[in-house]
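Written below as structure tokens is the structure these notes are about.
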Amino acid sequence: MGSSLDTLRKQLDEVNLEILELINRRAEIVQQIGQIKSKQSMKKFDPVREREMLDLITSHNTGPFENSTIEHIFKEIFKAGLELQEDDHRKALLVSRKKQPENTVIRIKGIEIGNGKKHHVFGPCAVESYEQTAQVAKSVKEKGLKLLRGGAFKPRTSPYDFQGLGVEGLEILKRVADEYDLAVVSEIVTPKDLEIAVDYVDVIQIGARNMQNFELLKAAGQIDKPILLKRGLSATISEFINAAEYIISRGNGNIILCERGIRTYETATRNTLDISAVPVLKKETHLPIMVDVTHSTGRRDLLLPAAKAALAIGADGIMAEVHPDPAVALSDSAQQMDIPTFDKFYEELTDLERRLG
Ligand code: PEP
Ligand code: MN
């Protein structure tokens, strides 16, 4: 009995090796077909051809496997063959760590984002006037910071809410940034405004509502400016990564990802800050990651704890909104910090940064 089991096992081993040789021989043929298809710009997946192959195989099937089992096994073999034919970027995205193990470092006016040192973005939700923007810029400058934010084109839930000053807002930002030697981060909502914006802005922000505006992403991929891409309101991490891939695939790899909270059933905060997205994105991609504590929490009392958590978990920087007089702000008045609060916030943040080393 023992010896017949041994014999059968030996036979099984031999058959396994034959199958191995056959599937690899098949793979080589598949690769050759793939090369011909690439030259002729033909689609790799051909469902009609797959159906023909399955029909031929099952018509010769004499068992003991059922046709459905045979189809299942061969479909796995076909799938593996297709992956072999597919271009590299399908297997490893350009934004992935697999493709580029080292961190992307973004250089803006003398600072390096993604290189270990933290760089934060502060400024008003919206640019409302020269004075309002300049007051915040002064406070940013006094802290030795470089990045000033301010919305000129505001994507608002209601069409009757303040929509931003548009190009006039960009002009104010540029003037203030030049006066205080700062770099400007500002949102652009449509491809046609990108051309204008490059003259005024140092980092183009693509907002949460536009994370899957694919034409905007493609256009952002064609300009020579860093892009700060925010996570969509209900976007999965995979969708977020693919949105960044749209930009890099068109040639622009200077992308900063920004986690800004996602929509969940929780109502205690404006959105739910997905803090673990930071290490996930760090692991999956080589891009720098910032955390927007204003739009994720929507609560002034949570800005500091959320920012501390973000730094501790490995974010490259924080984004938060600051307004000289939040009570009269034209947008997000409930969560912008006034300047004394900002001073205190920043003091505690840098204290933590020192302790984190
Ligand atoms: C903003 O940063 O001004 C903004 C509108 O944020 P989000 O796109 O994340 O809502
Ligand atoms: Mn805002």
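Each value in this text was obtained by applying a stated rule to the coordinates, not by laboratory testing. Everything numeric here is computed off the predicted structure, so don't read it as measured data. Cβ atoms come from the backbone with ideal geometry, glycine included; neighbour counts cover every protein chain shown.
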Euclidean distance between Cα centres, the range 223-249 to the range 180-199, Å: 17
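Of the DSSP beta bridges with both residues in the chain, give the percent that are antiparallel, rounding to the nearest 5.
Numbers: 5 of 31 bridges.
Of all bridge pairs located within the chain, approximately 15 percent are antiparallel.
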Testing the spin-label approximation: label points 7 Å from Cα along Cα→Cβ at A92 and D343. State their distance in nm. 5.1
I need the chymotrypsin sites (Phe, Trp or Tyr not before Pro) found in the range 249-357, filtered to DSSP loop residues with at most 12 other beta carbons within 10 Å of theirs. Y265
If you keep only loop residues by DSSP, which chymotrypsin sites (Phe, Trp or Tyr not before Pro) in the range 3-103 have at most 14 other Cβ atoms within 10 Å of their Cβ? F45, F65
Violations at 24 Å Cα threshold for listed pairs K117/K143; K91/K225; K118/K138; K39/K91 -> K91/K225
From the Cα gyration tensor of the range 142-190, with a ≥ b ≥ c the square roots of its eigenvalues, which class applies: rounded if a/c is under 1.5, or else prolate if a/b is larger than b/c, or else oblate? prolate
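Mean projection of the alpha-carbon convex hull of the range 150-223 over all orientations, in nm²?
Spelled out: convex hull of the Cα atoms, projected over all directions, averaged, 4.9 nm².
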Whole number please: convex hull volume per residue of the Cα set in the chain, in Å³? 215
Considering only L217, S331, H119, whose Cα is most displaced toward the positive end of the charge dipole of the chain, charges sitting on Cβ of Lys, Arg (+1) and Asp, Glu (-1)? H119
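For A134 and I73, FRET efficiency with R0 = 51 Å and r from the beta-carbon atoms, rounded to 0.05?
The calculated FRET efficiency here is 0.15.
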With the calculation restricted to Cα positions, what are the radius of gyration and Dmax of the range 273-333 in angstrom? 13.0, 41
Where the centre of each part is set by its Cα atoms, how far does the range 47-79 sit from the range 300-357, in angstrom? 60
Counting only DSSP beta bridges fully inside the range 151-297, the antiparallel percentage to nearest 5 is 5
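Please identify every one of the GluC sites (Glu not before Pro) in the range 73-167 that sits in a loop by DSSP and has no more than 16 other beta carbons within 10 Å of its own beta carbon.
Taking the range 73-167 and a limit of 16 other Cβ atoms within 10 Å, the loop GluC sites (Glu not before Pro) found are E86, E102.
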Of every Cα-Cα pair in the range 1-104, the percentage lying beyond 16 Å is 72
Computed lengthening from I196 to I19, 0.36 nm per intervening residue step minus Cα-Cα distance: 57.6 nm
Which FRET efficiency, nearest 0.05, do T272 and A80 yield, Cβ-Cβ r, R0 30 Å? 0.20
With unit charges on the beta carbon (Lys/Arg positive, Asp/Glu negative), name the residue among L228, A27, G261 whose Cα is farthest towards the positive pole of the charge dipole of the chain. A27
Please state the charge dipole magnitude for the chain, taken about the Cα centre, from unit charges on C-beta atoms (+1 on K and R, -1 on D and E), reported in debye and rounded to the nearest 20. 280
Using only alpha carbon pairs under 8 Å that are at least six residues apart, calculate the relative contact order of the chain and give it in whole percent. 14
Rounded, prolate or oblate for the range 218-357? Axes are the square roots of the Cα gyration tensor eigenvalues, ordered a ≥ b ≥ c, and the cut-off for rounded is a/c under 1.5. prolate
